[in-house]
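Each remark here refers to the structure printed beneath this line.
The values are calculated or read from the model by the stated rules, or taken from the named source; none is laboratory data. Everything numeric in this text was worked out from a predicted model, so none of it was measured. Cβ atoms come from the backbone with ideal geometry, glycine included; neighbour counts cover every protein chain shown. Heads up: the accessible areas ignore ligands, DNA and RNA and are worked out on the full protein's heavy atoms, side chains in. Shrake-Rupley method; radii C 1.70, N 1.55, O 1.52, S 1.80 Å.
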Amino acid sequence: MNVKIKLFQDYKQYHDTPEYELELPAGTTAGEIVRQLGIKGPELAYLILILKGKRVYDEYVLQDGDELVFAAPIGGG
């Protein structure tokens with residue numbers, strides 16, 4: 001299956017390009033992608049995974065054609 005990955009904010013440092021596609025075996029979870037990228041420390045603590053405008057978690061099983069977005073909360077004041 002093919003999944004598109006989009007990296008925003010500090011997560012761009014974890015790959016050569018901020019948007020790319022992965023070919024993955026069926027049953028791959030969002031958490032496996034997080035671990036594959038090696039996201040650690042503060043970036044891991046603040047990571048929000050978004051799919052189709054909704055937050056998903058590590059256990060989400062990716063589907064062919066999914067677009068998984070890696071982002072951090074945005075605050076202001």
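Couple of notes before you dig in:
- R0 of 25 Å, Cβ-Cβ distance D10-E67: FRET efficiency to nearest 0.05: 0.80
- The chain: relative contact order as a whole-number percent, Cα under 8 Å and 6+ apart: 44 percent
- Summing Lys and Arg as +1 and Asp and Glu as -1 over all other residues whose Cβ lies under 13 Å from the Cβ of F8 gives a net charge of -2.
- Full-stretch length increase - Y57, M1 - with 0.36 nm per residue and alpha-carbon distance subtracted: 18.2 nm
- Amide H contacts under 5 Å for D66: K4, restricted to partners 5 or more places along the chain or on a different chain, H placed in the peptide plane at 1.01 Å from N.
- Pairs of Lys residues in the chain are counted when their Cα atoms are under 17 angstrom apart and they lie 8 or more places apart or on different chains; the count is 6.
- Accessible-area composition of segment 2-71, carbon plus sulfur, in percent [1.4 Å probe]: 50 percent
- Environment charge at L68 (Cβ cut-off 12 Å; Lys +1, Arg +1, Asp -1, Glu -1): -1
- Ratio of the Cα radius of gyration of the chain to 2.2 N^0.38 Å, where N counts its residues: 1.04
- With protein chains left intact and a 1.4 Å probe, residues in segment 2-71 average 62 Å² of accessible area per residue.
- Hz values of 3J(HN,Hα) by residue in segment 41-54 - Karplus curve (6.51, -1.76, 1.60), Gly and Pro given as x: x, x, 4, 5, 4, 9, 5, 10, 9, 10, 9, 6, x, 10
- Cβ-defined net charge surrounding L24, 14 Å radius [Lys, Arg +1; Asp, Glu -1]: -4
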